[in-house]
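The values are calculated or read from the model by the stated rules, or taken from the named source; none is laboratory data. Because the structure is predicted, anything quoted here is derived from the model rather than measured. Methodologically, a virtual Cβ is constructed for each residue, glycine included, from the backbone with ideal geometry; neighbour enumeration extends over all protein chains shown.
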Amino acid sequence: MTHPFIGTWRSEANPKAFLRFTEDHQVQGSDGINRLVTTWDEDGTIASAAEGSDTDVSTDKGTGSRATIRPAMTTLMATPNLQAWVTGARSVEVRGDELVVFDIRSHEVGTLRRDDAG
């Protein structure tokens, strides 16, 4: 089954920043200099705002599919126009032609656009 987030998604602010999802549940990415390699799981909901919190941050804003990104080790190098939130991604949701990226607390931290080339 093909999921809507399968493929490559890039930052408009820095085309070197991307996330790539594959059918075999692999995720590759970069914030512009630091690399991310991990796996993803299909997820029907976005987790609560903080572990043990009663605050539910699930949303009806989008009808796209969601995925949880497993934590991964990454380097911490700096460069101009660094999109550090990309390598900190913990879940994503497809909303139209955008991939909305969420951090570990389920806060929206950025968006990427589908890269048709790749």
Whichever residue in region 38-76 is exposed (fewer than 13 other Cβ atoms within 10 Å of the Cβ) and either in contact with a Leu (Cβ under 7 Å, 6 or more places away or on another chain) or in a strand (DSSP E or B) (or both) and, among such residues, is modelled with the highest pLDDT: Asp41
Near pairs, Cβ below 6 angstrom, 6+ apart or cross-chain, from region 21-35 (within 15 Å of Arg70 (Cβ to Cβ)) to any residue that is aliphatic (A, V, I, L, M): Phe21/Ile6; Phe21/Val27; Val27/Ile69; Gln28/Val37; Gly29/Leu19; Gly29/Leu36; Gly29/Val86
Residue tally, condition closer than 21 Å to His3 by Cα and in contact with an Asp or Glu (Cβ under 7 Å, 6 or more places away or on another chain), over region 71-86: 1
Asp24 vs. criteria loosely packed, with under 15 Cβ neighbours inside 10 Å, at pLDDT below 90 and in a loop (DSSP other than H, G, I, E, B): no
